[in-house]
Amino acid sequence: MTERRAYLDVGVGETRGVVTLDGRPERLILARDSDVACQALGAEVVGRVRKVERTLALAFIDLGEGPDGVLNLRPDMARIAEGQAVAVEIRGEARSNKGAQLRLIGEAEGPPRLLRPAPSVEAELAAFNDKPLVTGGVARAMADAAGAEALAREFPLPGLSIEPTRALVAVDVDVGERPGGDAKRVTRAANFAALTAAARLLRLKGEGGLVVIDLAGRGHDGPALLSGARNVFAPDNPGVAFGPISRFGTLELTVPRRRRALADRLLGADGRLTAETLALRLVRAVEREALADPGARLVVRSAPDVAAAAAPYMKVLEGRFGARLELAPDPDAAFDAVEVTAR
């Protein structure tokens, strides 16, 4: 029997929600002050039809801010014309160079604007857990751990790797050394464990689309593995579809993309943490030190780009802790280095 718990960490500039599955992070939900409200999952927006591609059965909708959303046109829909105002719901967030996936609500009037904001992180957590939310320091530690695991690519199984690419997400299972007489049993157990871990980690990472799992060994029990896969990926329904296990030992499936992948949110194009991500980490570190040493004057040194991103949030902290916080941009500091010292 599985158990899920929900954790809520409300910080300056960012709220983080974590759902755990049997004690391990399964989902990490982020809401930042800098987010574009009309692009968030679940938001309802009035948009304007910018372009209709009849041959592709697609309409591109100007949502007011951010990239155009994409509306799939169905034969049973009323005809949509360019320039028309429509009400839509964000069903899948924009990612990389692809716009948000939209659901048509109906006709509308007026310029693009937000009709109803996306559900709060707290409201989303309530859908996964009926127990009281865990908050405070425990929730912050869990959110930190979930963020670190979401960005990892190698996991002990003894060997599981997850590599997102432009076309698909590749999952590789490696059981390493196997005792000769027990090889088949060990390999079978490893494959089932890998399916369970992969399902959890893909949800945590926010990855989806085409997923190819390279199973360990050969001569697989296809029906049993497919049954196990359907069970562990059931929380991602509706929309999960499986292919048969191939002669090469790979299992292909599609998992709906709903949220922007966490790697896209936390990392830049160069694969490093963005200045905003580091700034929010900086602010949490300052808050922790300010609470631990109420009388100290704190000097915070970081790279200039990170300091600039952190400046608005530091003003919020100054409102709480007074003028004992000093943000000192340091051109010689490593981009991902943050130093908080007490004077």
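Please figure out what share of the DSSP beta bridges in the stretch 137-228 is antiparallel and state it in percent, rounded to the nearest 5.
Working: 7 of 11 bridges.
Bridges in the stretch 137-228 are about 65 percent antiparallel.
Only helices at least 30 Å long along their axis, Cα-based, and averaging -0.5 or more on Kyte-Doolittle count here, so list those DSSP H runs from the chain.
On the way: long enough: 183-205 (31 Å, 0.26).
Membrane-span-like by this criterion, though nothing is claimed about a membrane: 183-205.
Give the span of the stretch 1-133's Cα atoms along each principal axis, as three whole-Å numbers ordered largest to smallest.
49, 35, 25
Starting from one equal scatterer on each C-alpha and no solvent at all, send me the Debye-based log10 I(q)/I(0) for the chain at q = 0.07, 0.08, 0.09 Å⁻¹, two decimals.
-0.37, -0.49, -0.61
Which order do peptides 200-208, 22-30 fall in by mean Cβ count within 10 Å, highest first?
Details: 200-208: 22.4, 22-30: 19.0.
Final packing ranking: 200-208, 22-30.
Expressed as a whole percent, how much of the Cα-Cα distance distribution for the stretch 237-343 exceeds 21 Å?
Result: 51 percent of Cα pairs exceed 21 Å.
How many angstrom separate the Cα center of the stretch 276-326 from the Cα center of the stretch 49-81?
With the stretch 276-326 and the stretch 49-81 each reduced to a Cα centre, they are spaced 44 Å.
Here, each number is a calculation from the coordinates, and none is a lab measurement. As the structure is a prediction and not an experimental result, all values here were calculated from the model. Every residue, glycine among them, receives a Cβ derived from its backbone with ideal geometry; neighbour counts consider all protein chains shown.
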